[in-house]
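The values are calculated or read from the model by the stated rules, or taken from the named source; none is laboratory data. Model, not experiment: these values are computed from the prediction. Cβ coordinates were reconstructed from backbone atoms using ideal geometry, including for glycine residues, and neighbour counts include every protein chain displayed.
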Amino acid sequence: MKRRRFLAITAAVGALAAHPARAFALDPVEWRGVALGAAARLTIHHEDRAEALRLLDSCLAEVERLERIFSLYRPDSSLSQLNRTGRLEAPPLEMLVLLGQVDRVWRLSEGIFDPTVQPLWEAYARHFSVPGASPSGPAAEVLEQLRPAVDWTRVSVSEDVIFFSRANMGMTLNGIAQGYITDRVIDLLHRGGIRHVLADMGEIRALGPQWRVTVPGRGTLPVQQQALATSAADGTRFSPACHHLFDPRSCRSSVSQQPVTVIAPTAAIADAVSTACAVAPRLSNNVFDALDCRVV
């Protein structure tokens, strides 16, 4: 099942007229593809098209490299190795950095954002693979057996090793890794001299003025030097009652059914906070104040 895609990107090409002194190419360099199982897109404006294409190639190589760390679907990824063996020796620096962000959002959200819900996904997928499965999801005793494995405090992280301290644990970074990869692409392009770009590697981040993003149900929003992410139950739905956004407190799909869109300084934070808000709509204001983000 593919990850949810809710945001339609509209590049405000007319906005370039506000900067006539800048010789942006009339035709932007655009790329469309897939990153971490989600539809992805880059739109780059630069006065030197050849340089924009060179930077695009660098971005795609970086996305490929990061997928080898964070992908749930590649058996050779660092995350897949951790989930398979419960242990990852000499973890990549990017994994350590991202798990540091995970820990911060986990603490601020009082445990609502918890990537160790992966065993719940697997239990629901097994349950609904059987014809005639109950639409309410796995039996209570199945989830109760999994409850001890859904616990971020049982993930030990150091420069030398990451490991799970309980059996049957697993981790998904799909609630933050797309945003992290989007941020890395933006950073790479910015260092290369790009000042006007819209990147969507599963979540969205913009550089430059007057980009506009259409959010279903919310209309068109301006995104300037910001990131935006949406999470919703309809992204992956097993049944009318069951979907992919799991509440670590109940080990069931979250009660909330409404999509949540968050704007933040980085795509990783927007991604993680939108996931947490979709699970618990009344998230503490401490989260938004500390992370400088807001629901729109």
Inset, instruction - Scan the stretch 240-296 for residues that are touching a Leu at 6+ places or on another chain (Cβ under 8 Å), under 25 Å from A123 (Cβ atoms), of a type outside the set (A, V, I, L, M, F, W, C) and not in a loop (DSSP other than H, G, I, E, B) and jot them down. - result: R252, S253, T275
Legend entry - Tally, over the stretch 8-67, of residues that are in contact with a Lys or Arg (Cβ under 9 Å, 6 or more places away or on another chain), part of a helix (DSSP H, G or I) and modelled with pLDDT under 80: 2
Inset, instruction - Scan V197, V150, V157, V185 and give me the residue that is under 26 Å from I69 (Cβ atoms), in contact (Cβ under 8 Å) with a residue 60 or more places away in the chain and surrounded by fewer than 18 Cβ atoms within 10 Å (Cβ to Cβ). - result: V157
Inset, instruction - Restrict the check to the stretch 77-92 and report whether at least one residue is surrounded by fewer than 16 Cβ atoms within 10 Å (Cβ to Cβ) and under 18 Å from the mean Cα position of the chain (by Cα). - result: no
Legend entry - Single residue of the stretch 206-257 satisfying the filter (under 19 Å from the mean Cα position of the chain (by Cα) and of a type in the set (D, E, K, R)) that is nearest to A278 (Cα to Cα): D247
Inset, instruction - Go over the candidates G202, G179 one by one and state the one that is outside any helix (DSSP H, G or I) and surrounded by 14 or more Cβ atoms within 10 Å (Cβ to Cβ). - result: G202
Legend entry - Meets criteria (within 14 Å of F246 (Cβ to Cβ) and in a helix (DSSP H, G or I)) for L79: no
